[in-house]
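The values are calculated or read from the model by the stated rules, or taken from the named source; none is laboratory data. Fair warning: this is a prediction, and the values are worked out from it, not measured in the lab. Positions of Cβ are backbone-derived with ideal geometry, glycine not excepted, and every protein chain shown enters the neighbour counts. Ligands, DNA and RNA are stripped out before the accessible areas are found, and what is left, the full protein with its side chains, is counted by its heavy atoms. Shrake-Rupley method; radii C 1.70, N 1.55, O 1.52, S 1.80 Å.
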Amino acid sequence: MDNDLLRVENVSISFTQYLQGLEQHILKVISDLTLSVKEGEVVAILGSSGSGKSLLAHAILGILPENAICDGTISYMGNVMSQEDKERLRGKEICLIPQSVNYLDPLMKVSEQAIGDVPKEEKEQAFKHQREVFAKYGLGEEVDGMYPFELSGGMARKVLLSTALLSNPNLVVADEPTPGLDVQSVEETINDIKKLAADGKGVLLITHEIDVALKTADRIAIFYSGYVIEINDVDNFRNYENLLHPYSKSLMEALPKNGFKLTEGVQPLEDIDGCVYHENCPLRTDKCLKVKPELIEYDGAMIRCHNYNKEVE
């Protein structure tokens, strides 16, 4: 814990909504989320689309909307970050590789928006540094003068990655960096992210693509209905019989290469009293229906399951 670059502890994110007139409703999207990222490590958050994974990225960077309520603590290099800290570190020591290429300004040349607003006397050095970083990730000089619409999908992703790295951050949050890319571009993106970790940076990879997480991450956190239900080494996901939570195992069994065994049921949309996986779990008990399990540590992994708790006690 002492050498964690990023530590998220018991974070919950809710939104205040107005239904009819002044009737207020609190919608909880993330509940009791805990995880950590070390220097030189890639930690993947794996969950279905629309499950709220990207909200964690926004919470770390301090860019949640005004109607969001964020509880819990987010620490960077051992220090709990305030909103002011997040704003100070954002774009410098902590950077985001955003989910959509729409983050690129369609009216600006790539090199100009990469360096941003810098004093005139510093522009020459800024462009030189931008060119060095772009070249490191396979972007030739011709890219500098292009507009976003002239970039291929893979090139645009590399521009987003390179732009995020111009400040030489310690922590990189990659939010869904591969959807819509062809196979070659996906492989290049995976290699680029692994290169970041090899350079000593911590990477939080947010994705719903299992194969990308398996090829890229050192550890994987499984996100289900707003909760982290298991965090384990990637090797245990490759040999999924070593996994601890029944949902994690069923997720891996659903892959075509593992037999394409599907599990019926859907994730609950609203928070419930007991375990969020209760309805679909083959090991469920009455306790699972009534009491919410806590995330506990066991043998280097984290698990949220009553049945597993009984076994290890």
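Spatially, the range 248-313 and the range 6-56 are offset by 19 Å when compared through their Cα centroids.
Compare the Cα positions of Val143, Ala164, Thr216 along the charge dipole of the range 123-240 (+1 at Cβ of Lys, Arg; -1 at Cβ of Asp, Glu; about the Cα centre) and return the one farthest towards the positive end. Of the listed residues, the answer is Ala164. For the options Leu104, Leu171, Leu160, a Gaussian network treatment of the chain with springs between C-alpha atoms closer than 10 Å singles out Leu104 as fluctuating the most. Estimated from helical segments only, the mean residue ellipticity of the chain at 222 nm is -8500 deg cm²/dmol, where each DSSP H run of four or more residues counts as -39500 (n - 2.57). Split the accessible area of the range 131-279 by element, probe 1.4 Å, and carbon with sulfur accounts for 50%.
Considered as an equivalent ellipsoid built on the Cα gyration tensor, the range 115-263 has semi-axes of 36, 16, 12 Å, the largest given first.
Here the Gaussian network model covers the chain, with springs between Cα atoms less than 10 Å apart; of Glu188, Glu253, Glu121, Glu121 fluctuates the most. The convex hull drawn around the Cα atoms of the chain, when projected onto a plane and averaged over every direction, covers 18.8 nm². Applying the Karplus relation 6.51 cos²θ - 1.76 cosθ + 1.60 with θ = phi - 60° to the range 168-185 yields 3J(HN,Hα) values of 6, x, 8, 10, 10, 9, 9, 9, 6, x, 10, x, x, 8, 6, 4, 5, 5 Hz, where x marks Gly and Pro. For Thr73, nonlocal amide neighbours, meaning residues 5 or more places apart or on other chains whose placed amide H falls under 5 Å from its own, are Glu9, Val11. Approximating the spin labels as points 7 Å out from Cα along Cα→Cβ, the Ile69-to-Asp286 distance works out to 3.3 nm. Dividing the mean sequence gap of close Cα pairs (under 8 Å, 6+ apart) by how many residues the range 90-206 holds gives a relative contact order of 37 percent. Under 5 Å between amide hydrogens, built in the peptide plane, is the criterion, and for Tyr224 it picks out Ile229 among residues at least 5 positions away or on other chains. What number, in percent, do you get for the relative contact order of the chain if the mean sequence gap of Cα pairs under 8 Å and at least 6 apart is divided by its residue count? Once divided by the residue count of the chain, the mean separation gives 20 percent.
Extending 7 Å from Cα along the Cβ direction at Arg88 and again at Lys195 yields two label points whose distance is 3.3 nm. Taking amide H as placed 1.01 Å from N in the peptide plane, Ile30 has its amide H under 5 Å from the amide H of Ile13, each at least 5 places away in sequence or on another chain. The angle between the Cα long axis of helix 153-164 and the longest principal axis of the Cα atoms of the chain comes to about 80 degrees, rounded to the nearest 10.
In this structure, the pairs whose alpha-carbon distance is over 19 Å, taken from Lys28/Lys292; Lys128/Lys195; Lys92/Lys201; Lys136/Lys215; Lys194/Lys215, are Lys128/Lys195; Lys136/Lys215. Per residue, the solvent-accessible area of the chain (1.4 Å probe, heavy atoms of protein chains only, all protein chains present) comes to 51 Å². Karplus-based coupling profile of the range 108-123, in residue order and whole Hz: 10, 5, 4, 5, 5, 6, 5, 7, x, 8, 10, x, 4, 5, 9, 5, with θ = phi - 60° in 6.51 cos²θ - 1.76 cosθ + 1.60 and x standing for Gly or Pro.
Charge dipole (Cα centre; +1 on Lys/Arg Cβ, -1 on Asp/Glu Cβ; no other charges) of the chain amounts to roughly 240 debye. Computed from the Cβ-Cβ distance with R0 of 25 Å, the FRET efficiency linking Asn3 to Glu241 stands at 0.25.
Highest-first packing order for the peptide set 262-274, 131-143, 203-215, 84-96 is 203-215, 84-96, 131-143, 262-274, based on the mean count of other beta carbon atoms within 10 Å.
The string of couplings for the range 223-238 from the Karplus curve (6.51, -1.76, 1.60, θ = phi - 60°) is 9, 9, 6, x, 10, 7, 9, 7, 10, 8, 5, 4, 4, 6, 7, 5 Hz, one whole number per residue in order, with x for Gly and Pro. Mean-square fluctuations from a GNM of the chain, with a 10 angstrom spring cutoff on Cα atoms, peak among Asn232, Asn258, Asn170 at Asn258. Percent relative contact order of the range 200-260, based on C-alpha pairs within less than 8 angstrom and at least six residues apart? Relative contact order, the range 200-260: 19 percent. Each 10 Å bin, from zero up to the one with the longest distance, holds this percent of the alpha carbon pairs of the range 44-173: 11, 38, 33, 16, 2.
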